Amino acid sequence: MKDSSRSGVPSAFSTASFTRSIRLVLLAAALAGFGPARAAEVDIVPLCTSPQAIGPTQPSGMQQAWFIDLAWNGSEYGLLAYDYGAGRTVRFQRVQADGVAIAPPVTVPSSSSNQIWPVRIVWNGTGYGIAYTADFNGVPQIFFARLDRNGTVVSGPTRVSNVANPSPLSQAVAPALAFGGGHYVVVWQEQGRTTPTYDIYTTVLDVNGAIAAADRTVVIAGGMETAPAVAYGSFENSFVFVWEESGVLPYYRISVGYMLPGAWNPLVNGPLTAGPSDSMSPSLVDSGNTVGLAWRDARDGNWEIYAALLTSAGARVSGDVRLTNNAGFSGSPRILWTGGEFGVFFTDDRAFGSGTSDVWFQRMTASATAAGVNVQVSAVARAYYLAAAFAKRGYLAAFNSLGAPTRQVPWGCSTPLAPSCPEAPTAYGITGTTATTAWLSGTDLYTDIAYYEVFRNAGLVGTTTATVHSDSGLSPGVQYQYNFRTVNAAGLYSAPCPDAQLYVKSSASLSLNVGKSGDDVTLDWTDADGQNTYRVMRGTSPQVMTEIQQTSEKSTADPNAAAGPVCYFYSIDTPQN
């Protein structure tokens, strides 16, 4: 039984209208009533028509991140990189929506490699999945692991290449990764298993990271099949693959295939692009109705960025749309979906000349037409290893530049407004020296919320991307005032928030135990102060609790509360004086 503590302030109370001293009350979750973990809130809107940098470019702790990937988890980004400057290992870092690193990078165990290849990260609603290349018995292989939001390994690392072909090991590199329908799909290029050139293979894992289907062949064409990408087509519950194909032809082209759950049998459709010019560096994203594809293409005599729309079975929905129009070099596209349109980040050398690429951006409509013009994102000259992700209302672009620390640029609406105040603050886990505060999130219609600031007696005591904060160093019997403030990705603060405050008096007088009797939840507590009446509070989150009964006893039951899949939180409070 897991016990924690919480105040009994109902969400309807406004701390602006009264001053409240919250005594010790304890919260516990009835484990018998736990249901599936909730996924991150879906709250996306089409991006504004003139996106631009909305905050300063921020450095990360990755000194020489040669490859980077990003994923949004509902309140912050997870940045994954192959860090050449940190023992050539894969490292993870938490990043706020404004691009500021939250904590130092965490090294993924057993991830060192002399092979410099892409790394991949996805969020599944409760945790991250990652894929990367690491050395195994002197041969590069593909590994998968699951991380929590702090970068701690939950399961793995698991070798997913050459599982069904253990000897001799062939070289597996360049992983791609997607999650959907309760499964992870890892795709990579492999040399030497069947042909002396690279072919494409895939392994499927379930939501817990257990292998469901290993080493399935995507394509063996006798040439060079490289640079795979994969996306989950949510509208038809399938996975789409694309890759570069060359060797048997005097040029590179993009080919496509797909795979349905169950049999996990990859099917190849064939080429999407044709020569005699090269098409390379494919990137995919699911839009909910189509799969967006972007790539670099030399058909116009120089490298430009093109895009198209596919079904989740890899069939074309649109023709090719050209997103750049210059005589320079455009490459490394990253296509993203906002909920209303596509955004494509790419590198381009038009600003400083050959060999001096920076990061640029272009919008594209849901029907595959260019919207607006190319916009320059960075101006550092020689930006490489581009990654980008979309959150709820804004992007984050990350890149490296010749061994300098990895940098992040928050990218969103040109005229963001201040976010709203946090709501319904409450306190729990109150002892003589500690208290945990929680609140309902603020809102922002223009960009993402970066973090919250917590003040105790007008002094800043913490920042957090979550809606909860644990405080320590309190003195027994002393009343403290807590205030909360929302900060968005543009660095704007919520206005003074009189409703976002509460008063906590440290104490240690009451303790609660929660148990189960049949389908009933049982509650028993002790109270050193000997109150006459108690309010029993219940809610589906620690932030929002409502009174379900009052009693003069120190025990009660909540009938049938453990019968269903709902997870309830309880607290005991005393009525208002």
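Here, each number is a calculation from the coordinates, and none is a lab measurement. This structure is a prediction, so every number in the text was calculated from the model and none was measured. Please note: Cβ atoms are built from the backbone with ideal geometry, for glycine as well, and neighbour counts cover all protein chains shown.
Between the range 78-119 and the range 178-229, the C-alpha centres lie 23 angstrom from each other. Within a straight-line Cα-Cα reach of under 15 Å, LYS516 can be paired with the following aspartates and glutamates, leaving aside sequence neighbours fewer than 8 residues apart in one chain: ASP3, ASP524, ASP558. Leaving out same-chain residues fewer than 8 places away, which aspartates and glutamates sit with a Cα under 15 Å from that of LYS505? Within the straight-line limit of under 15 Å, LYS505 reaches these aspartates and glutamates: ASP471, ASP529, ASP573.
The length gained on full extension between ALA315 and THR431, counted as 0.36 nm times the residue separation minus their Cα-Cα distance, comes to 35.6 nm. As a calculated quantity, the FRET efficiency between TYR251 and ALA103 at R0 = 45 Å, using C-beta atoms, amounts to about 0.50.
The slack between SER234 and ALA210, meaning 0.36 nm per residue of separation minus the straight C-alpha distance, is 6.5 nm. In the range 61-220 the Cα-Cα distances spread across 10 Å bins starting at 0 as 12, 43, 34, 11, 1 percent of all pairs. Spin-label pair TYR503-ALA351: with each label point 7 Å from Cα along the Cα-Cβ axis, the two points sit 5.3 nm from one another. Database note for the chain: Cys without another Cys beta carbon under 4.7 angstrom, CYS567. Within the shell of other residues whose beta carbon sits under 10 angstrom from the beta carbon of ALA164, the net charge comes to 0, with Lys and Arg scored +1 and Asp and Glu -1. Contact order for the range 61-220, expressed relative to its length and based on alpha carbon pairs under 8 Å spaced 6+ residues apart, stands at 15 percent.
Please report, to two decimal places, log10 I(q)/I(0) for the chain at q = 0.12 Å⁻¹ as given by the Debye formula with identical point scatterers on the Cα atoms and no solvent. Values, matching the q order: -1.14.
Debye-formula intensities of the range 452-509, expressed as log10 I(q)/I(0) at q = 0.26 Å⁻¹, are -1.16 (one equal scatterer per alpha-carbon, no solvent). Subtracting the Cα-Cα distance of LYS554 and VAL566 from their residue separation scaled by 0.36 nm leaves 1.8 nm. Over the range 447-535, what is the relative contact order in whole percent, taking alpha-carbon pairs under 8 Å and six or more residues apart? For the range 447-535, the relative contact order is 23 percent.
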